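The values are calculated or read from the model by the stated rules, or taken from the named source; none is laboratory data. Note that the structure is a prediction, hence the values are computed from the model and not measured. So basically every Cβ, Gly included, is an ideal-geometry build from the backbone, and we count neighbours across all protein chains shown. Note: accessible area is taken over every heavy atom of the protein model, side chains too, but ligands, DNA and RNA are not part of it. Shrake-Rupley method; radii C 1.70, N 1.55, O 1.52, S 1.80 Å.
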Amino acid sequence: MTKTVYLDNNATTQVAPEVVEEMQPYFHEFYGNPSSMHTFGGQVNRKVEDARAKVAALIGAKPDEIIFTSCGTESDNAAIMGTLDRYPEKRHFVTTRVEHPAVWNLCPYLRSKDYRITELSVNGKGQLDLEELKSALSDDTAMVSIMYANNETGVIFPIDEIANIVKAHGIPFHTDAVQAVGKIPLDMSKQPIDMLSLSGHKLHAPKGIGVLYLRRGTKFSPLMKGGHQEKGRRGGTENVPYILGLGKAAESALSHLEEENTRVCALRDRMEKGLVESIPNTIVNGDTANRLPNTSSVCFEYVEGESILMMLDEIGVCASSGSACTSGSLEPSHVLRAMGVPFTAAHGSVRLSLSIHNTDEEIDHLLKHMPGIIENLRNISPFWKEYKEGRLSASAPA
Ligand code: PLP
């Protein structure tokens with residue numbers, strides 16, 4: 001059996017051993033309800049509050065600004081629906097064309113509820129035009145939701161500048177920071193962000209736990225109406241083991257931030273350089289100067305991304321051809337389409353996303369096999385043949 005080389009950490013990460021260890025006793029030994037009056041539940045409540053403080057520390061927030069949810073998608077939905085609900089007279093929502101489906105797929109729903117939606121465009125590097133943002137804002141704008149870093153390309157938006165523009169109009173600002181938290185430093189005590197979403201399984205905690213950061217004083221109605229949990233901001237008995245796991249993961253992420261931005265970043269850069277230098281017609285998508293340290297979206301022109309993934313699978317390498325949620329469909333990703341990446345390039349794009357668990361040997365393994373994989377696929381690609389024979393003119397946008 002080939003050893004797995006896991007380069008799909010933006011889809012999900014391995015749960016860290018220290019996280020599993022932290023969670024274990026809270027399934028069968030300390031199973032009390034943190035809301036109970038008895039000591040057995042009370043000790044669990046103290047652990048939940050410890051975890052809340054650890055998550056808060058990772059993003060420079062105050063513990064009471066941390067609301068535990070079931071996932072990043074719930075956090076995004078809660079931020080958006082919970083804000084719009086407080087400003088029912090305002091009917092305009094601003095976001096971007098490159099959001100994750102957790103935000104993007106809310107747009108058709110909001111349109112059906114008579115909201116006017118502005119989806120800001122991006123340029124070829126995946127960056128926004130802040131003048132377009134400025135001119136979109138009006139007295140009718142209820143809120144703005146713009147992701148921190150893109151899950152497919154890793155491109156980081158200038159979130160502080162964006163938030164300042166939005167706040168200058170007195171408009172609430174939410175950012176989906178699911179891919180940014182744990183990879184780059186964030187500090188809510190200094191950044192003008194009202195709401196922020198994060199997800200445990202992107203930072204070595206389990207799937208099914210998330211957080212909505214809600215700045216003190218921000219108007220919000222709970223999406224999950226129910227009990228008094230999370231100070232009445234999210235009903236439902238707390239998922240105690242997962243919350244504790246996320247607390248541990250947040251603590252570890254904080255201690256690994258430097259490694260993520262030095263060793264992991266250098267490993268990613270070596271991988272990218274190796275691919276571009278050894279394989280013709282290979283292009284890195286997005287703004288490479290403003291990017292998450294672990295993410296690389298690489299396009300191998302005139303081949304099919306899905307075929308590359310299958311060949312990589314045979315040599316034990318896990319990667320992705322777009323966001324995890326859109327893979328399985330052969331439609332080019334909406335992110336690359338929004339960037340105007342040509343059809344033949346968007347189809348041949350592969351996302352490689354690293355973590356602190358990746359090694360030099362793993363990258364060597366990829367670099368050894370990838371040129372052969374692409375060559376074999378191009379040998380059977382009609383597009384490559386046409387390109388080589390000079391019959392394929394300038395590529396049409398995807
Ligand atoms: N937002 C972004 C940018 C993501 O990458 C993801 C997951 O891929 C999500 C939101 C959704 O998070 P979850 O899987 O926890 O619902």
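Packing, as the average of other Cβ atoms within 10 Å across residues, places the peptides 112-118, 361-367 in the order 361-367, 112-118, highest first. Think of each Lys and Arg Cβ as +1 and each Asp and Glu Cβ as -1; about the Cα centre, that makes the dipole of the range 257-388 roughly 380 debye.
Charge dipole of the range 337-398 (Cα centre as origin; +1 on each Lys and Arg Cβ, -1 on each Asp and Glu Cβ, all else neutral): 420 debye, rounded to the nearest 20.
Please give the peptides 344-357, 23-36 ranked by average Cβ packing (other Cβ atoms within 10 Å per residue), highest first, as a rough proxy for protection. Spell out each step's value before the answer.
On the way: 344-357: 24.1, 23-36: 14.1.
Top to bottom by mean Cβ count within 10 Å: 344-357, 23-36.
What is the local net charge at Gln127, summed over the other residues whose Cβ is closer than 13 Å to its Cβ (Lys, Arg +1; Asp, Glu -1)? Residues near Gln127 contribute -2 overall. As a length-normalised measure over Cα pairs under 8 Å and 6 or more apart, the relative contact order of the chain settles at 22 percent.
Using a simple spin-label model with pseudo-atoms 7 Å out from Cα toward Cβ, Lys225 and Lys3 lie 5.5 nm apart. Average accessible surface for the chain: 42 Å² per residue, computed with a 1.4 Å probe over protein heavy atoms with every protein chain in place.
Just add up the charged neighbours of Ser321: K/R +1, D/E -1, any other residue whose Cβ is under 14 Å from the Cβ of Ser321. Local charge sum for Ser321: -4.
Stretching Val20 away from Arg270 to a fully extended chain increases their span by 86.8 nm, per 0.36 nm per residue minus the current alpha-carbon distance.
Comparing Tyr87, Tyr148, Tyr302 in a Gaussian network model of the chain (Cα springs below 10 Å), the most mobile by mean-square fluctuation is Tyr87. Computed from label points 7 Å out along Cα-Cβ, the spacing between Arg337 and Ser189 is 4.4 nm.
Mean separation of Cα pairs under 8 Å and 6+ residues apart, divided by the residue count of the range 257-388: what relative contact order is that in percent?
On the way: 164 pairs, mean separation 43.6, N = 132.
Reported as a whole number, the value is 33 percent.
Note on Lys207/Phe27: beta-carbon distance plugged into 1/(1 + (r/R0)^6) with R0 of 25 Å gives a FRET efficiency of 0.95. Simple rule: put +1 on each Lys or Arg Cβ and -1 on each Asp or Glu Cβ in the chain, find the dipole, and look at Pro34, Pro241, Leu186; the Cα lying farthest toward the positive end is Pro34. Compute the distance from the alpha-carbon center of the range 55-69 to that of the range 205-240, in whole Å. Comparing the Cα centres of the range 55-69 and the range 205-240, I get a distance of 11 Å. Highest mean packing first, where packing is the average number of other Cβ atoms within 10 Å per residue, the peptides 242-251, 164-173 line up as 242-251, 164-173. Between Thr359 and Lys113, the modelled label-to-label distance comes to 5.0 nm, taking each label 7 Å out from Cα in the direction of the beta carbon.
Expressed as a whole percentage, what fraction of the accessible surface of the chain belongs to carbon and sulfur atoms when a 1.4 Å probe is rolled over the protein heavy atoms? Looking at the chain in its full context, I get 54 percent from C and S.
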